[in-house]
Amino acid sequence: MLKKFLILFCLSLILFTLFLFYKNNSPVEQEPALLPAEQFKLSTLKEKAKELSLLAYKAPDENLPESIKNLSYDQYRDIRFVREQGPWFGQRLPFEMQFFHVGSIFQYSVLINEIVDGKVKPVAFSPDYFNYGKNKLQNLNHNILGYAGFRLHGKLNTPTYYDEIIAFLGASYFRALGKGQKYGLSARGLAIDTALQTGEEFPIFKEFWIKKPKKRDTHITLYALLDSPSVAGAYKFEIIPGKNTIVDVDAFLYPRKKITKLGVAPLTSMFLFGENTKNRFDDHRPEVHDSDGLLIHNGNDEWLWRPLDNSKYLRISSFQDNNPKGFGLLQRDDNPEHYLDFESYYEQRPSVWVQPQGNWGKGVVQLVEIPSIQEIHDNIVAFWIPNEEILPNKEYHFAYRLNWYKDIPETRKIAKVINTYTGIGGVSGMLETEKRKFVVDFSPLPHVKQDIENGKLIANVSTSEGKIKGIHLIYNPLTKGATVYTDFQPNGKTTELRISLVKDGKTVSEVWSYQWLP
């Protein structure tokens with residue numbers, strides 16, 4: 001009897017094993033996975049992203065416990081990461097890793113893995129990492145697979161304190177800091193269909209792999225898997241902190257379908273009002289913005305400066321280029337008297353400069369300025385749009401360096417645009433309100449005063465529509481540079497204005513570029 005039972009048990013076990021085998025190997029669409037403890041390779045992640053792009057898109061699960069899902073803003077802020085519980089704390093490493101909790105506006109979790117000695121080690125969610133403050137939360141492990149995001153800390157400003165260096169939180173957003181900076185604008189992994197009537201798509205980084213540093217490392221490497229209805233992608237980030245923090249990005253994209261508008265190396269910032277804003281706000285501060293201009297170094301070696309503005313209408317500016325050398329959103333004005341905000345410290349916000357690696361070919365740098373009435377909203381976006389059609393079943397590779405500066409390195413010997421002002425223009429016995437006056441300050445040049453006085457330095461002013469009614473170039477004793485005054489008479493059409501300084505037939509300044517909306 002016992003022998004018969006054992007035979008039947010063994011047969012049942014074999015049948016059950018065969019059932020599991022065929023069940024797990026049946027042609028059901030399953031997302032490819034990197035298994036724990038396997039050797040991590042970028043090529044493996046690329047293959048995972050490529051395979052993912054061949055599957056139907058699956059939106060991230062938003063199945064958090066109600067107690068977490070419905071946290072108010074203040075309740076969520078009361079949840080704090082406990083540094084001493086961190087996975088790298090106390091190991092005398094150059095970096096520490098901390099996590100953001102899910103909940104409130106962060107309704108889905110992302111998976112986070114360590115790469116330890118080349119092997120993948122998942123970091124499971126644990127409430128032990130957090131101090132929940134006054135929140136009374138139960139069953140926290142239920143349906144929580146990961147974290148809302150993470151941040152990396154290191155000895156950025158002093159040799160004894162671990163400052164925050166970079167944070168990945170929400171969709172494909174991330175932002176970094178250099179020495180002495182405060183968080184301002186953000187970068188994104190990808191922008192899709194921004195400012196199109198069909199609506200914008202926000203890809204997400206759904207999983208991360210972070211290489212655990214060695215004690216003498218000066219940089220840290222991490223990888224991310226991007227996903228959206230239109231595209232999957234494999235990303236590599238090399239982060240080098242310092243006075244100017246550098247983030248080297250390698251992006252491999254695998255579209256699921258044709259993409260109408262692909263925004264590469266997108267930057268997102270805030271501009272509420274500044275020195276050139278005529279749509280004034282009832283605010284005690286002179287200026288409020290994280291960035292004040294877009295700078296482009298195009299393939300023709302021209303440096304172009306576009307001051308940001310916040311008008312009543314959506315503004316889209318496109319700058320055609322071939323193999324751009326760089327572009328970025330800058331916070332050029334670093335005078336605290338221009339902000340008078342000693343909580344936000346806008347003068348300490350970083351600039352971010354994008355340096356393409358390799359040839360990007362033909363395309364446009366596009367600037368999108370969205371009307372806004374509150375500083376809590378990011379309303380400025382800039383990115384590169386390739387002319388090449390973005391089609392499914394192909395791989396697209398973009399490599400670039402993000403420089404988190406106060407300004408780009410001053411290796412140029414040309415004058416920068418440092419101020420833009422505008423107001424009612426023209427005088428003929430009375431103010432002519434149909435004209436606009438623009439005043440543009442440039443930084444100093446060698447012998448600038450003498451060159452203006454003897455006519456060697458001139459202002460080159462042009463407009464695509466309307467008429468230029470007057471040009472006046474003077475030496476500015478406050479800035480020690482040149483100032484251009486010009487009157488512009490609109491003709492009711494959207495207009496592109498340009499101003500530059502020319503000496504001996506050669507442009508010796510950035511080109512000030514401005515879009516006038518009727």
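Sparse packing (at most 11 other Cβ atoms within 10 Å of the Cβ) combined with a DSSP loop state is found for the following GluC sites (Glu not before Pro) in the range 344-426: E389, E410. Going down the table (K121/K212; K261/K493; K278/K493; K50/K236; K416/K506; K212/K236), which pairs top 21 Å between alpha carbons? Correct reply: K261/K493. Note on the range 85-138: Cα-only Rg and Dmax are 13.4, 40 Å. Please give the helix 2-24 orientation as an angle from the longest Cα principal axis of the chain, in degrees from 0 to 90, rounded to the nearest 10. Compared with the principal axis, the helix lies near 20 degrees. What is the calculated FRET efficiency for E200 to K278, with r their C-beta to C-beta distance and R₀ = 35 Å, to the nearest 0.05? In this case the efficiency is close to 0.80.
Volume of the convex hull of the range 226-273 (Cα atoms only), normalised per residue: 114 Å³.
Each Lys and Arg adds +1 at its Cβ and each Asp and Glu adds -1 at its Cβ; summed about the Cα centre, the range 177-310 shows a dipole of about 720 debye.
Entry for the range 31-172 at q = 0.13 Å⁻¹: log10 I(q)/I(0) = -0.69, Debye formula applied to identical alpha-carbon scatterers, no solvent contribution. Rounded to the nearest 500, the 222 nm mean residue ellipticity of the chain from helices alone is -3000 deg cm²/dmol, with -39,500 (n - 2.57) taken per DSSP H run of at least 4 residues. Restrict the search to the range 91-171; then list the trypsin sites (Lys or Arg not before Pro) that DSSP places in a loop and that have at most 15 other Cβ atoms within 10 Å of their Cβ. Answer in residue order: R92, K134, K136, K155.
If you look at the Cα atoms of the range 289-335, you get an Rg and a Dmax of 12.1, 35 Å.
Restriction of the trypsin sites (Lys or Arg not before Pro) in the range 210-260 to DSSP coil positions whose beta-carbon has at most 16 other beta-carbons within 10 angstrom yields K214, K215, R216, K243, K257, K258. Counting pairwise Cα distances across the range 248-402, what percent come out greater than 24 angstrom? Summing the P(r) tail past 24 Å for the range 248-402 gives 38 percent. Placing +1 on the Cβ of every Lys and Arg and -1 on the Cβ of every Asp and Glu, with no other charges, gives the range 288-446 a dipole of roughly 500 debye about its Cα centre. Taking +1 at the Cβ of each Lys and Arg and -1 at the Cβ of each Asp and Glu, which of L330, I370, S318 sits farthest along the dipole of the range 303-378 towards its positive end, judged by Cα position relative to the Cα centre? Of the candidates, S318 comes out farthest on the positive side. Shown here: Rg and Dmax of the Cα atoms in Å, derived from the displayed model; of the candidates [x] 28.1, 110; [y] 27.2, 119; [z] 22.9, 73, it corresponds to [y].
For K211, neighbours were defined as the other residues whose beta-carbon sits under 15 Å from its Cβ, and their charges (Lys and Arg +1, Asp and Glu -1) total -1.
The angle between the Cα long axis of helix 42-53 and the main principal axis of the chain comes to about 90°, on a 0 to 90 degree scale.
The numbers here are math on the coordinates, done by the rules we state, and not lab data. Source: prediction; values computed, not measured. Neighbour counts are summed over all protein chains in view; Cβ atoms, including those assigned to glycine, are modelled from backbone coordinates with ideal geometry.
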